[in-house]
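Structure first, commentary second.
The values are calculated or read from the model by the stated rules, or taken from the named source; none is laboratory data. All of these numbers come straight from a predicted model, not from anything done at the bench. Because the Cβ atoms are built from the backbone with ideal geometry, glycine has one as well, and the counts that use them run over all protein chains shown.
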Amino acid sequence: MSEDLQASEQSGVRFTRRKNVLFGKDRDSIIKGFFGSSATVAIVVLGLITIFLFKEGAGFLGSYHKSLQEYRLSGLEYVDILKEPRDDFSALNRYLTDIRAEWIQSLKAQGLTKKEMSAIVTAPEAKALFLRYLRTGSQLRGFIKKKMDAAIEVRDRFITNENLRETVNNYTAEIEAVSQTDYDPEAEERSRHALRLKQYLRENTLPEAVSQRTTEVIAGLEGEAPFGEAARTLILKLLQEQSEETRRAIQPVDFNKSIAVITGDQASYATILTKMKADIHTLLDQADAIAFNNPALEKRVERFGELNEQFLASFPKHKAKLAVWDQNEAIPPWRALVAFLTGKDWVTASDQQDWYGLLPLLSGSLLISLIALLFAVPFGVGAAIYVNQIAGPLERNLIKPYVEFVSAIPSVVIGFFGVVVFGEAIRLLSQFEFMAWVPFFPLQERLNAFTAGGLLALMAIPTIFTLAEDAINNIPRHFKEASFAVGATRLQTTLRVIVPSALSGIISAIMLGFGRVIGETMVVLLCAGTRIKIPDFTDGLGVFFQPVHTMTGIIAQEMGEVVRGSVHYRALFMVGIVLFFVSLLINFGAQWVVKKYRRVGD
């Protein structure tokens, strides 16, 4: 017996060549099979999720393309072009209302009484500007409403006809099935036939014999009686009557005839625009007589005049756009995908037209992720470097568990903390006088992108910290020893040797942290503000404090309320597909960066 074997026996360690066998497999084979099967199950589950995701979302493009065709054929697209000057005029009205409110505040700051302020604000020249300006758009609004109602009626009639035709087809298929001599309905079908016959009895006055025979058929359907010829005859008759009644309810829509009503009255529309232009010019001339006695207000009124000139100058271009609009212009199938990917509106359950644009959700997700990474990357990576290279054993044993413990906090708890504490604290802080130097303070909304991003940073820090610390810890020890040997300090060794050597792992940690942030749902749903609008990036840093919505948030918020198989339902799956590809890009990007830095290191 060798000395090593003797030493192992003396230490209490026993080795044996005998292998335990279970169901014809030894221990090594069982362990290998267990982990191999786990990987196989994971791959199968991922494949099924992917197939389901693409299966449910695949029908969106066809359905949305059909919706866009109906939008054009019914004339709603033409009406939306008509609404452009109305919307611009409404924006000008809001601007003028802000001027009036600021004027009242300035008069109040001068110490005037309510009576004195009322006399100034309701003076004839001021009243003419602030009240009559709103009335100049009344004819335009009335004209557009009449055209919009006509277009909606045509669109609704067309959709109703489509639904009725589908119902007739269903009746036809059911009649064909019941007519088969070997037809034997299932329990669900028997219940449906019985319910239909009961409703028929309630809504019609039948002869006693017919009523009795119908009651017997209903009893047989609800029981376990065989499906006989009497039941077949009665049900076929009822199905044929209902099918014919549904077919008679279809009222064909002539789009070429209906569009003439919507696009007509061009002369009246031109007259409305001409009168509106003259009225606005008159009011702007009268506005010069108002003495605001405030340079800032006078500057805003001057700007208001410039905006009105731009608005009136857009009329010729608007008329030309109406003139070239063509109801019969074909909409290519790819337009549905482009409308989804580049759309700026997400509007559902609209009485006019539903829009499914991705940009507001994608921009919101990316904005919140950017805010989160701005905090999580320096804190997570910095903490990893400090704990691994600088901190002593006591600090390391204290800091590392507490940082990693944050990942154990449920996201709904963090979101609740953001709603009640964090968001409110930021809003209150913005209202202090010493913060008045910030251009976008004070804040009106406590739920915004910054609140959600700050909390997501808290959730991403443990991920980045743990992975970055592991990457640094995997650097061979002789790297550090060689650096110390040539006279480098601890800080120089850390920043110029350790961190560059672990850079690929640190970047992977950041990318995984980004994936953790962009895929989070509960925090953004509670704290982001859920405003479906592209952030106003012209606001500078103020864009960080605007309410937004995200791709994950919209899925969680609306999936439980949509009708299965509808365009809205499939649009949410399309958002999920985009998230799927974003995750793939993050992973591919991380792998590319790691391979690049490894090649550089080699």
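Brief remarks follow.
- Search result, residues across the range 501-542 that are out of contact with any helix residue (DSSP H, G or I) (no Cβ under 7 Å at 6 or more places or on another chain) and in contact (Cβ under 8 Å) with a residue 12 or more places away in the chain: G529, R531, D539, G540, L541, G542
- Any pair with Cβ under 8 angstrom, 6 or more apart, that starts in the range 133-148 at a residue that is outside any helix (DSSP H, G or I) and ends at one that is of a type in the set (K, R): G137/R86
- The single residue among T172, T160 that is in the same structural domain as D98 (by TED's automatic domain parsing), more than 30 Å from S350 (Cα to Cα), surrounded by fewer than 15 Cβ atoms within 10 Å (Cβ to Cβ) and β-branched (V, I, T) turns out to be T172.
- One residue stands out among those in the range 107-155 that are acidic (D, E) and over 30 Å from K257 (Cα atoms): the one that is surrounded by the fewest Cβ atoms within 10 Å (Cβ to Cβ), which is E116.
- Residues in the range 63-106 that are farther than 27 Å from F143 by Cβ and of a type in the set (F, W, Y) were compared, and the one that is surrounded by the fewest Cβ atoms within 10 Å (Cβ to Cβ) is W103.
Conditions (1) touching a helix residue (DSSP H, G or I) at 6+ places or on another chain (Cβ under 7 Å); (2) in a helix (DSSP H, G or I); (3) closer than 19 Å to G382 by Cβ, marked per residue:
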site	(1), (2), (3)
R396	yes, yes, yes
F417	no, yes, no
E424	no, yes, no
F434	no, yes, no
E445	no, no, no
L456	yes, yes, yes
E481	no, yes, no
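- Pair list, Cβ under 6 Å, 6 or more apart: the range 293-310 residue over 14 Å from H281 (Cα atoms), other residue at pLDDT below 85 and not hydroxyl-bearing (S, T, Y): E298/F292
- Some residue of the range 545-553 being assigned by TED's automatic domain parsing to the domain that holds S411, free of Cβ contacts under 8 Å to residues at least 12 places away in the same chain and within 18 Å of the chain's Cα centre (by Cα): no
- Which listed residue, of V387, V406, is in contact (Cβ under 8 Å) with a residue 12 or more places away in the chain, part of a helix (DSSP H, G or I) and in contact with a Lys or Arg (Cβ under 8 Å, 6 or more places away or on another chain): V387
- Residues considered: G519, G505, G487, G515. Of these, the only one that is in the same structural domain as P410 (by TED's automatic domain parsing) and on the phi > 0 side of the Ramachandran plot is G487.
- In the range 223-281, residue surrounded by the most Cβ atoms within 10 Å (Cβ to Cβ) [restricted to those that are of a type in the set (G, A, S) and under 41 Å from the mean Cα position of the chain (by Cα)]: S258
Table: residues versus (1) surrounded by fewer than 19 Cβ atoms within 10 Å (Cβ to Cβ); (2) hydroxyl-bearing (S, T, Y); (3) modelled with pLDDT of 85 or more; (4) over 20 Å from A391 (Cβ atoms).
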{"position": "A425", "(1), (2), (3), (4)": "yes, no, yes, yes"}
{"position": "T451", "(1), (2), (3), (4)": "no, yes, yes, yes"}
{"position": "F465", "(1), (2), (3), (4)": "no, no, yes, no"}
{"position": "A468", "(1), (2), (3), (4)": "no, no, yes, no"}
{"position": "A471", "(1), (2), (3), (4)": "no, no, yes, no"}
{"position": "E481", "(1), (2), (3), (4)": "yes, no, no, no"}
{"position": "V497", "(1), (2), (3), (4)": "yes, no, yes, no"}
{"position": "I507", "(1), (2), (3), (4)": "no, no, yes, yes"}
{"position": "V517", "(1), (2), (3), (4)": "no, no, yes, yes"}
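- Index of the failed condition, S243 passing every other in (1) of a type in the set (S, T, Y); (2) in a loop (DSSP other than H, G, I, E, B); (3) under 16 Å from V178 (Cβ atoms): (2)
- Selection count, the range 348-365, where residues are outside any loop (DSSP other than H, G, I, E, B) and without any contact (Cβ under 8 Å) to a residue 24 or more places away in the chain: 1
- Matching residues, the range 323-347, being aromatic (F, W, Y) and assigned to a strand (DSSP E or B): W346
- For beta carbons closer than 7 Å, sequence separation of 6+ or different chains, a first residue in the range 257-272 that is closer than 15 Å to V154 by Cα and a second that is at pLDDT 90 or above and hydroxyl-bearing (S, T, Y), the qualifying pairs are I262/Y78; T263/Y78.
- Of the residues making up the range 64-97, those that are without any contact (Cβ under 8 Å) to a residue 60 or more places away in the chain and not hydroxyl-bearing (S, T, Y) are K66, R86, D87, A91, N93, R94.
- Screening A291 against (1) in a helix (DSSP H, G or I); (2) surrounded by fewer than 17 Cβ atoms within 10 Å (Cβ to Cβ) leaves a single unmet condition, (1).
- Each residue in the range 373-384 was checked for being closer than 16 Å to Y402 by Cα, of a type in the set (A, V, I, L, M, F, W, C) and buried (at least 20 other Cβ atoms within 10 Å of the Cβ), and 4 pass.
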